């Protein structure tokens, strides 16, 4: 394993991934850095998407049960984002991870069997969100992966 940092040019910026990490940590480092920069907005976006899903399930699919579940996810994502704003990162990412896995578990089977746009979108968003939240939750506990640094190229 090389201790030399891996660099990549992105426009006029240089992304530097620490080299003294295993391959999995090197792959997660850019995601952790991005998350640190844009949080809590992904949680608020998931909250809004879940609220939109609740509206869709109730008004278009005539399914109050699915609407209530999506509304619950919306509230949980909103609360997770609020925890991040208040500085309670560990609990915020833990709640985001659990909520995302629950969303994936509830929408995934229906997406697999029916392929409907609503459940497929919700399952996909839950899967992506669960990975991002898990990486940050793990990072809160272990300090790994070390985040990528974005520097000016010059």
Taking a ≥ b ≥ c as the square roots of the eigenvalues of the Cα gyration tensor of the stretch 34-143, is the shape rounded (a/c under 1.5), prolate (a/b larger than b/c) or oblate?
prolate
How much length is gained on full extension from residue 121 to residue 63, taking 0.36 nm per residue of separation minus their Cα-Cα distance?
19.2 nm
Starting from the 7 Å offset along Cα-to-Cβ, what nm value, one decimal, do you get for the label separation of residue 34 and residue 113?
3.3
Give me the extension gain from residue 140 to residue 75: residue separation times 0.36 nm, minus the current Cα-Cα distance, reported in nm with one decimal.
21.1 nm
Highest first, please rank the peptides 71-81, 36-46 by the mean number of other Cβ atoms sitting within 10 Å of their residues.
71-81, 36-46
Once you have the Cα-Cα distance between residue 88 and residue 45, take 0.36 nm times their residue separation minus that, and quote the gain in nm to one decimal.
13.6 nm
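Each value in this text was obtained by applying a stated rule to the coordinates, not by laboratory testing. Only a predicted model underlies this, so the values are computations on that prediction, with no experimental measurement involved. Cβ coordinates were reconstructed from backbone atoms using ideal geometry, including for glycine residues, and neighbour counts include every protein chain displayed.
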